[in-house]
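Here the structure comes first, spelled out in structure tokens, and everything after it is commentary.
The values are calculated or read from the model by the stated rules, or taken from the named source; none is laboratory data. As the structure is a computational prediction, the values presented were derived from the model and not from experiment. With ideal geometry, Cβ positions are generated from the backbone for all residues, glycine too; neighbour counts draw on all protein chains shown. Just the protein is used for accessible areas: all its heavy atoms, side chains included, with ligands, DNA and RNA removed. Shrake-Rupley method; radii C 1.70, N 1.55, O 1.52, S 1.80 Å.
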Amino acid sequence: MADASTEAAIVQQIRSDYQYGFSDAEDYVFKSGKGLTRELIMEISRIKQEPEWMLEIRLKAFEVFKSKPMPTWGADLSGIDFDDIHYYVRPSEKAETDWDDVPEYIKNTFDRLGIPEAERKFLAGVSAQYESEVVYHSIREDLEKLGVIFLDMDGALRQFPEIVRQYFGTVIPMADNKFAALNTAVWSGGSFIYVPEGVKVDIPLQAYFRINAQSMGQFERTLIITAPGSFVHYIEGCTAPVYSKDSLHAAVVELIALEGSKIRYTTIQNWSNNVYNLVTKRAKAFRNAAVEWIDGNLGSKITMKYPAIFLMEEGARGEVLSIAFAGKGQHQDAGAKMVHLAPHTSSTVLSKSISKDGGRASYRGLVKVLPKAEKIRSNVRCDALILDPESRSDTYPTMDIGNQDVHIGHEATVSKVGDEQVFYLMSRGLSEDDAITMIVNGFFEPFTKELPLEYAVELNRLIKLEMEGSVG
Amino acid sequence: MTTMADDMLNLEPASIEALSRQMGEPDWALEARRRALAAFVELPCPERTQEAWRRTRPDLFDPQGRRIARVTPAFDLLGEGEPEPPVGMPFEQALSHEPGDFQDLRQGGPVFQEKDSAMNAAWRSGGAWVGIPRDRALGRPLRIAHEVPAFQAPGAFFPHTRIVGRRHGKATVVESFGSAEGDLLAAPVVDLHLEEGASLQYVLVSRWGEGTRALTRLQARLERNSQLKVLFLGLGGATTKAFLTGNLEGEGAKSEFLGLVFASGGQHFDVDTLQNHHVPAGSSDVLFNCALNQASHSVFTGNIFVAPGAQKTDAYQKNRNLLLSGKAHADSIPKLEILANDVRCTHGATFTTYDQDQQFYLQSRGLQDADARRLIITGFFQEVIERLEGPSLVAWLAGLMQDKMEASLGT
């Protein structure tokens, strides 16, 4: 628990315009030194009492990580110092199952995030990742009866090692990119969901991620498997306090939608403006399965994230719906990848971005059709608004089409907020600020309406906050 | 009309003096070749890891061990009517006759960014110059034809064409590049300069022979209120890489870049377009249609760049791909890089095969399947060709496309 004097010191570090920028005094069971070594990875694996095969995967991934160059395309990553990062922090001894057992200082953090209220109201399960381990975890009894497994990833590895072993790294191999390799080497926490055949989870499962310690990496690993004919909607929100030093978030999220099942994965990313958010997210959709990534990027210093869907078998369907808001000092380099490996598959991408106060929003995407994949439909649409002359917007789509029998379309527009729209709203009595905020909310509406109510309200509030003082 | 020296020079540093002498150039032109040679030696080879070379192997354009093909272009006028005053001549003649249009070469320039541009300038072996007179509108399109005849050794052909549109002058220029069968590396450079209020339609017909690898660079400079229409027509050659760039440098400039590619057999076309909006109130419009038959491959990369402060920019870019065969492969990378806010920039790309509804409709009107397909392909080309002005030009281009279509589809 933070005492008054440290609280005061921390308050000084807090930037006033980031409402989640509080931070608790650090009080951890284990916090690794800075930098990454083989010994540290063995230590993490030992503390977690992992099976030998997982340690082997981690060590192999560490070698891959060292051998891979930094990406030279996309955002500027020169500010990352891998030797100045804490790779593992565990705040308390074991995952709690009852809210009363959660340590007081962690509760304080979550109280400020509004999690318990949300849970009391109607959440199916809360799995809040406080740094590297899931500290609070609950799932409603009726879901347990249906056989739905919703655990933190470490717990899943202990309780269901065979399922984890069968699917871990099958969607995103460790050598996929440097940050996927890093995650595989040092991963900790994240969610594991298994939905049995035919089960439709009708309320969203939620997790809240938060980075607390300074200069620390967060490397959660999430794996979701939906058995044939099942459905799940998973929501994650991400927040971090503001420190003067940069931190790194490099998650890996793997989704596997088996025949006729559907996964919807919603992210509201609101990291503070000193987080490098470099995330690999990929799904495999099998026969007649559907995967939807709903992806909101508001925070972070730099985000590079391109949720991907591999359409593996006939009838598979993929959808990405994303928004990005790039404010001062931010570069949101986000997009989507659709890989059509089988005939009769379809995909849709709708991306909306706003850049403001010198921020930069980039859409980077791929639509790939393999030669054997015929009867493909794909549609990509990117809209961008630039709110002032200092800001920047880019669109970098790639379409790689190896089959003739396709219908593929891509459209993008970049413009400013329409003068006529602002004029009209002002003539109805709105201030210019309110008029622009209303137009921006309307611009994001196709995204917002896909969110559960409390997230939509929260998003609108965040946008309003970001928009304050945008005129003049 | 078309001539070539019997004793072809080797592509080596020592050849530039002989080349300059054979082409009767002034001394400063040889100096310019020497500077280009130094830059060629200095500049790095392009690598496959570079974005522009990810889909076409740069080593295909290695000039090593080739001999230089020197070609003098032929000039004529399209259509019928009064003869126009001569406004064009071979590039090397213009060096002496119109030195005012070559200030860059006479004053220590230009600065080379790419190894291939320096290669062209060092061993330049052909090309043309056109000066569109001030305040004059030329009625009939001027056609320039470069034909590389058959020869024994692996050849290299480096033409440079420069067109200057003087203030409020207006003209249409068609430039056609062709070659006989045989192993040829062709690397044409085209630069277009439009002064205030000038207006130019420029058509580049790339109809190289089957053994030709072509690396084409076109750069256009548009001053205030000038208007440019460029059409790139990709028909021939084994492998083609083209960079087409419009630099809008004066307010109110308007550029339209059109492209039409019909790829067949194992042909490979890779075209980059870039519209650079450096100043406010410019407009650009790109329309690039690619039809692909057999196992051909096309790549379209288009970028719209809007510099900070280039407000009131209006830019549009569209790429359409018509896939006529199961083995064809098309890539499209339409990009936007926008650093100003008061703009309207859009792009679109589509990939389709024969539209079954269209085909069904045409069949219901009594057309055979093959005829219906031809009609659909023709419509796909007409969309681009009809953006150009001048009935004689449109008819000539439609004929070229028709010939290529018949050759590719068979009867």
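Being at pLDDT 85 or above and of a type in the set (Lys, Arg) is the filter here; which residues of segment A:224-279 pass it? Of everything in segment A:224-279, those that are at pLDDT 85 or above and of a type in the set (Lys, Arg) turn out to be A:262, A:264. Test residue B:260 against the stated conditions and say whether it is in a strand (DSSP E or B) and within 14 Å of the chain's Cα centre (by Cα). The answer is yes for residue B:260. Of the residues B:241, B:229, the single one that is of a type in the set (D, E, K, R), buried (at least 23 other Cβ atoms within 10 Å of the Cβ) and under 15 Å from the mean Cα position of the chain (by Cα) is B:241.
Only residues that are more than 7 Å from every other protein chain (Cβ to nearest Cβ) and either in contact (Cβ under 8 Å) with a residue 24 or more places away in the chain or within 17 Å of residue B:300 (Cβ to Cβ) (or both) were counted across segment B:325-356, and they come to 2. I'd like to know if segment B:273-281 contains one or more residues that are open to solvent by 10 Å² or more (accessible area, probe 1.4 Å) and closer than 22 Å to residue A:368 by Cβ. Within segment B:273-281 (the criterion being open to solvent by 10 Å² or more (accessible area, probe 1.4 Å) and closer than 22 Å to residue A:368 by Cβ), the answer is no, since none of the residues qualifies. The set of residues in segment A:436-452 that are in contact with a Leu (Cβ under 8 Å, 6 or more places away or on another chain) and not aliphatic (A, V, I, L, M) comprises A:443, A:444, A:446, A:447, A:448, A:450.
For segment B:312-324, filtering for residues that are within 7 Å of chain A (Cβ to nearest Cβ) and over 30 Å from residue B:353 (Cα atoms) leaves 0.
Please work out if residue A:347 is open to solvent by 10 Å² or more (accessible area, probe 1.4 Å), under 24 Å from the mean Cα position of the chain (by Cα) and more than 10 Å from every other protein chain (Cβ to nearest Cβ). When the stated conditions are applied, residue A:347 does not pass them.
None of A:268, A:294, A:302 is among the β-branched types (Val, Ile, Thr) and open to solvent by less than 10 Å² (accessible area, probe 1.4 Å) except A:294. Evaluation of residue B:324 against the conditions (1) of a type in the set (A, V, I, L, M, F, W, C); (2) modelled with pLDDT of 95 or more; (3) open to solvent by less than 40 Å² (accessible area, probe 1.4 Å) shows that the sole unmet condition is (2).
Residue B:263 fulfils the conditions (1) in contact (Cβ under 8 Å) with a residue 60 or more places away in the chain; (2) surrounded by fewer than 22 Cβ atoms within 10 Å (Cβ to Cβ); (3) within 14 Å of chain A (Cβ to nearest Cβ) except for a single criterion, (2). All conditions but one from (1) open to solvent by 30 Å² or more (accessible area, probe 1.4 Å); (2) part of a helix (DSSP H, G or I) apply to residue B:79; the one that does not is (2).
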